[in-house]
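> Questions regarding the structure given below will be posed in turn.
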Amino acid sequence: MTPDLAEKAGELEKPLVRAAPRGLDDSPGYRVFRVVNTALLLGVVAVTLYPFLNIVAQSFSDEQAIRTGRVNLLPQGFDLKTYRFVMADPAFWNGYLNTVVYTVVATAIAMALTTVYAYVLSKRRLKGRGLLIGIAVFTMFFNGGLIPNYVLISSLGMKNTLWAVVLPNAISVFNLLVMKSFFENLPSELEEAAVVDGLSAYGVLLRIVLPLSKAVLATMVLFYAVANWNAWFGAFLYFDRADLFPVTVYLRNMIAGASGADAVGAGGSADVAQVSANIKAVTMVLTVLPVLVVYPFVQRFFVSGVMLGAVKQ
């Protein structure tokens with residue numbers, strides 16, 4: 001990479017910060033706006049956070065407190081029976097391992113396909129560009145349906161294999177369009193200079209475009225990883241073997257079994273009653289925990305990645 005090209009790339013990576021107009025922070029109207037905006041956002045945070053905290057509190061509460069409605073934001077009658085019951089089952093850890101494998105493979109495939117497709121679509125000189133965009137957008141509104149998809153996956157021999165859950169939804173059109181918009185906003189002069197330096201089309205993508213697209217790439221990885229982590233219906237539909245189930249299907253079956261135990265009522269044992277009382281809360285906490293652990297590390301890329309892909313020059 002020539003010094004001029006490196007200098008341009010470095011300037012592009014610098015955050016774009018616009019200075020506020022002089023005196024705007026001191027105006028009464030702006031101060032009122034900040035107070036109202038802060039109050040509204042705090043209200044949204046409270047409304048969003050309360051159900052989650054309530055679920056966490058229920059997961060650590062005992063049966064009587066849950067059934068009598070005494071659990072609010074703090075656990076009542078601290079109890080870990082359900083956590084021990086779920087985590088002592090080897091099938092739970094096998095499902096977690098399956099979920100990690102499915103998520104990693106599906107996210108890697110989705111990112112590879114989405115990135116190259118979006119980069120191609122970002123080139124206005126491409127012949128047939130409108131047709132390719134139309135094909136992608138068409139799939140947002142129409143699909144083959146559940147039964148044809150099942151027949152297709154079965155006929156291709158992908159049933160009870162990893163590919164049945166990672167390939168059918170490999171490209172999200174929404175993510176594709178966001179990444180396409182981001183690539184369109186990159187200066188074309190930068191790529192032209194790279195071509196003059198002797199880089200091929202793949203070299204431009206790998207050595208120039210992708211290093212400058214860390215924000216949107218991290219955002220898309222987060223979108224795909226969360227979607228694949230929470231996915232359960234594809235595995236439920238295409239897998240007949242319990243050892244292939246992801247943790248979401250395992251927990252879904254746990255909830256279904258606990259619902260049957262719940263119908264027994266007080267006639268069952270104390271442990272069965274406890275598990276049936278908060279199994280839903282426990283499964284929600286166990287499922288969302290890895291996402292909560294990973295999210296803070298990619299949060300700084302999240303807003304900038306979406307906004308950079310949405311702003312037109």
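> Filter region 50-65 down to residues that are farther than 16 Å from residue 285 by Cα and of a type outside the set (D, E, K, R) and give me whichever is surrounded by the most Cβ atoms within 10 Å (Cβ to Cβ).
Of everything passing the filter in region 50-65, 65 is surrounded by the most Cβ atoms within 10 Å (Cβ to Cβ).
> Checking residue 10 against (1) open to solvent by 50 Å² or more (accessible area, probe 1.4 Å); (2) at pLDDT below 80; (3) part of a helix (DSSP H, G or I), which test does it fail?
Residue 10 satisfies every listed condition except (1).
> What single numbered condition from (1) part of a loop (DSSP other than H, G, I, E, B); (2) open to solvent by less than 70 Å² (accessible area, probe 1.4 Å); (3) in contact (Cβ under 8 Å) with a residue 60 or more places away in the chain fails to hold for residue 153?
(1)
> Quick one: is residue 216 surrounded by fewer than 18 Cβ atoms within 10 Å (Cβ to Cβ), closer than 28 Å to residue 299 by Cα, modelled with pLDDT of 85 or more and under 25 Å from the mean Cα position of the chain (by Cα)?
Judged against the criteria, residue 216 is not a match.
> Take the residues in region 219-253 that are assigned to a helix (DSSP H, G or I) and among the aromatic types (Phe, Trp, Tyr), then tell me which one is modelled with the lowest pLDDT.
Start the filter on region 219-253 by keeping residues that are assigned to a helix (DSSP H, G or I), which leaves 219-230, 233-238, 242-244, 247-253.
Subsequent filtering for residues that are among the aromatic types (Phe, Trp, Tyr) retains 223-224, 229, 233, 236, 238, 250.
Values: 223: 88, 224: 92, 229: 90, 233: 89, 236: 89, 238: 91, 250: 84.
Restricting to residues being assigned to a helix (DSSP H, G or I) and among the aromatic types (Phe, Trp, Tyr), the top hit is 250.
> When you go through 75, 51 one by one, which is the residue that is out of contact with any Asp or Glu (no Cβ under 7 Å at 6 or more places or on another chain) and in a helix (DSSP H, G or I)?
When all the criteria are applied, what remains is 51.
> Then there's this: Within region 66-110, track down each residue that is open to solvent by less than 50 Å² (accessible area, probe 1.4 Å), closer than 24 Å to residue 246 by Cβ and among the β-branched types (Val, Ile, Thr).
Answer for region 66-110, where residues must be open to solvent by less than 50 Å² (accessible area, probe 1.4 Å), closer than 24 Å to residue 246 by Cβ and among the β-branched types (Val, Ile, Thr): 82, 86, 99, 103, 105, 107, 109.
> Could you tell me whether region 259-275 includes any residue that is open to solvent by 30 Å² or more (accessible area, probe 1.4 Å), assigned to a helix (DSSP H, G or I), at pLDDT 80 or above and assigned by the TED database to the domain that holds residue 172?
Checked against the condition, which is being open to solvent by 30 Å² or more (accessible area, probe 1.4 Å), assigned to a helix (DSSP H, G or I), at pLDDT 80 or above and assigned by the TED database to the domain that holds residue 172, region 259-275 yields no hits at all.
To keep it simple, each residue is scored yes or no on (1) part of a helix (DSSP H, G or I); (2) touching a helix residue (DSSP H, G or I) at 6+ places or on another chain (Cβ under 9 Å); (3) not hydrophobic (A, V, I, L, M, F, W, C).
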position: 115; (1), (2), (3): yes, yes, yes
position: 118; (1), (2), (3): yes, yes, no
position: 131; (1), (2), (3): yes, no, no
position: 139; (1), (2), (3): yes, yes, yes
position: 164; (1), (2), (3): yes, yes, no
position: 180; (1), (2), (3): yes, yes, yes
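> So which pairs qualify, if the first residue must be in region 243-256 and in contact (Cβ under 8 Å) with a residue 40 or more places away in the chain and under 13 Å from residue 97 (Cβ atoms), the second must be assigned to a helix (DSSP H, G or I) and aliphatic (A, V, I, L, M), the Cβ gap must be under 7 Å, and the two must be at least 6 apart or on different chains?
Taking only residues 6 or more apart or on different chains, the pairs are 245/235; 246/235; 250/91.
> Give the number of residues within region 224-236 that are surrounded by fewer than 20 Cβ atoms within 10 Å (Cβ to Cβ) and either under 26 Å from residue 181 (Cβ atoms) or touching a strand residue (DSSP E or B) at 6+ places or on another chain (Cβ under 6 Å) (or both).
Residues flagged as surrounded by fewer than 20 Cβ atoms within 10 Å (Cβ to Cβ) and either under 26 Å from residue 181 (Cβ atoms) or touching a strand residue (DSSP E or B) at 6+ places or on another chain (Cβ under 6 Å) (or both) within region 224-236 amount to 3.
The values are calculated or read from the model by the stated rules, or taken from the named source; none is laboratory data. Everything numeric in this text was worked out from a predicted model, so none of it was measured. Backbone-built Cβ (ideal geometry, glycine too); neighbour counts: all protein chains shown. Ligands, DNA and RNA are excluded from the accessible area calculation, which covers all protein heavy atoms including side chains. Shrake-Rupley method; radii C 1.70, N 1.55, O 1.52, S 1.80 Å.
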